[in-house]
Amino acid sequence: MTPTPPPTVLIADDQSDVLEALRLLLKGEGFSVETVESPTEAIARAEVRDYDAVLMDMNYTRDTTSGAEGLDLLSKLRGIDGRLPVIVMTAWGSVEGVVEAMRRGAKDYIEKPWDDGRLIATLKTQIELGRALRRSQRLEAENRRLSPGLPDLIADSPSMKPVLDLMERIGPSDANVLIMGEHGSGKEVVARWLHAASERANRSLVTVDAGGLSEGVFESEIFGHVKGAFTDAKSDRVGCFELADQGTLFMDEIANVGPKEQAKLLRVIETGELQRVGSSKMRTVDVRILSATNADLKKDVAEGRFREDLLYRLNTVEIHIPPLRERREDITTLAMFYLGHMVQRYRKDFTGFDPGASVAMQKHEWPGNVRELAHVVERAVLMAQGDSITAEDLGLGGNVRANTQVEDMTMDDAERFIIQNALRRHDGNVSEAAQTLGLSRSALYRRLQRHSL
């Protein structure tokens, strides 16, 4: 695997001693650093090279106190690349200037003289968020270019690579696929992707919640009925199998289908023949079956709740989707993806997620998986009143490893757990968390680095 390149930071300040101090500090933390002494040079560099972040002073030699030059530079940098994280520095502590900078798109601010730990943590957080946004946009563009009809798949984490590899191999085939995963993990997205990648893509994809149909309704919905077949059959009805003829039928919650319905499904899948309810006419269909469940069907077979022969027909190939808590590398990218969609839907404008929100998302267990993340981001977009999404806007409540017993942990695990809880309680504010823990801010930063938090 190609190693991740060091993050590149452009520093703009008109004081050479400040530039050198920052260069040495960041170089020691593994950053690749370039320095410039004027807004003109900063703009020239940004126009010809991509940076992971810009750290820029608000005041320069032409106007040393108002911050006007810095605001002008900030606007121009955002015009060159709206995704570029820009962090402003000021020695004057002007609240009005900082507020205006954040309004114009700055991601955070640092006061001079700076705290090394806070500066490094701020840069790392904003670079991570910026890279996630770029990954999300790149993946969207690749999906559109390489496979124009395919739904967006945000899956950069190592645990998703074998899933994607398998999908690419079986997508073009006619193989029946059983998609397994927890509620909200993205089973329907996988089904839509598999259909769009197949030679049936120009035909129908019919979706049905098979487990949600009562016994009396199941046959009518799945196989159709003719007029007069039962009291409410006022006209002929085409069932899901016929609607999906030459295309794909996606049956969700397949484990909840009853025994009688399982037998009828098996017959149609084996023979490709069906009869509408109330009709003696045999109809032939050609359908690819994609099914999904969060249950352990092999256990259900062993306990007599699911037909083994039907399982064999459904799971020519099995795809297991890991829960979101096992693919944490995708959380920020997915959040940025949904944020982009929600701000368009609700006509809002946000600069992104603040550091506290990023920490909260990484620490949350996501029992509702990707669906929960999408809902959380949508709610935050509706509720947020500032320029960026905060941890409070997300409303996660913060149940991180709630069942964990400290007495069963190692010393390192316990310290990590306690620090995570403190950060969560204070929405990622390191100063407040340090005060709660009885530590200096620099001491807490050292522990954050040691535990890779």
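The values are calculated or read from the model by the stated rules, or taken from the named source; none is laboratory data. Note that the structure is a prediction, hence the values are computed from the model and not measured. Note that each Cβ is placed from the backbone with ideal geometry, even for glycine, and that neighbours are counted across all protein chains shown. To get the accessible areas, we keep the full protein, side chains included, count just its heavy atoms, and leave off ligands, DNA and RNA. Shrake-Rupley method; radii C 1.70, N 1.55, O 1.52, S 1.80 Å.
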Within region 411-424, is there a residue that is at pLDDT 70 or above, open to solvent by 70 Å² or more (accessible area, probe 1.4 Å) and among the β-branched types (Val, Ile, Thr)? yes
So how many residues does region 276-308 have that are open to solvent by 60 Å² or more (accessible area, probe 1.4 Å) and either of a type in the set (A, V, I, L, M, F, W, C) or not in a loop (DSSP other than H, G, I, E, B) (or both)? 6
What do you reckon, is His375 at pLDDT 90 or above and not hydroxyl-bearing (Ser, Thr, Tyr)? yes
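Between Ser358, Ser431, which is modelled with pLDDT under 90, surrounded by fewer than 21 Cβ atoms within 10 Å (Cβ to Cβ), hydroxyl-bearing (Ser, Thr, Tyr) and assigned to a helix (DSSP H, G or I)?
Values: Ser358 fails: surrounded by fewer than 21 Cβ atoms within 10 Å (Cβ to Cβ).
Every option except Ser431 fails the conditions.
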Within the bounds of region 190-212, is there any residue that is open to solvent by less than 70 Å² (accessible area, probe 1.4 Å), at pLDDT below 90, over 13 Å from Ile289 (Cβ atoms) and touching an Asp or Glu at 6+ places or on another chain (Cβ under 6 Å)? yes
Of all residues in region 79-117, count the ones that are open to solvent by less than 60 Å² (accessible area, probe 1.4 Å) and part of a helix (DSSP H, G or I). 6
Search result, residues across region 362-396 that are touching a residue at least 60 places away in the same chain (Cβ under 8 Å), at negative phi and part of a helix (DSSP H, G or I): Lys363, Val370, Arg371, Glu372
Hey, could you check region 142-186 for residues that are basic (Lys, Arg) and modelled with pLDDT under 90 and say which is most open to solvent (accessible area, probe 1.4 Å)? Arg145
Taking the condition of being open to solvent by 40 Å² or more (accessible area, probe 1.4 Å) and over 24 Å from Asp174 (Cβ atoms), how many residues in region 213-228 meet it? 8
Please indicate, with yes or no, whether at least one residue in region 257-264 is assigned to a loop (DSSP other than H, G, I, E, B), at pLDDT 90 or above, in contact with a helix residue (DSSP H, G or I) (Cβ under 8 Å, 6 or more places away or on another chain) and of a type in the set (D, E, K, R). no
Of everything in region 362-378, what is farther than 14 Å from Asp330 by Cβ and among the aromatic types (Phe, Trp, Tyr)? Give them in sequence order. none
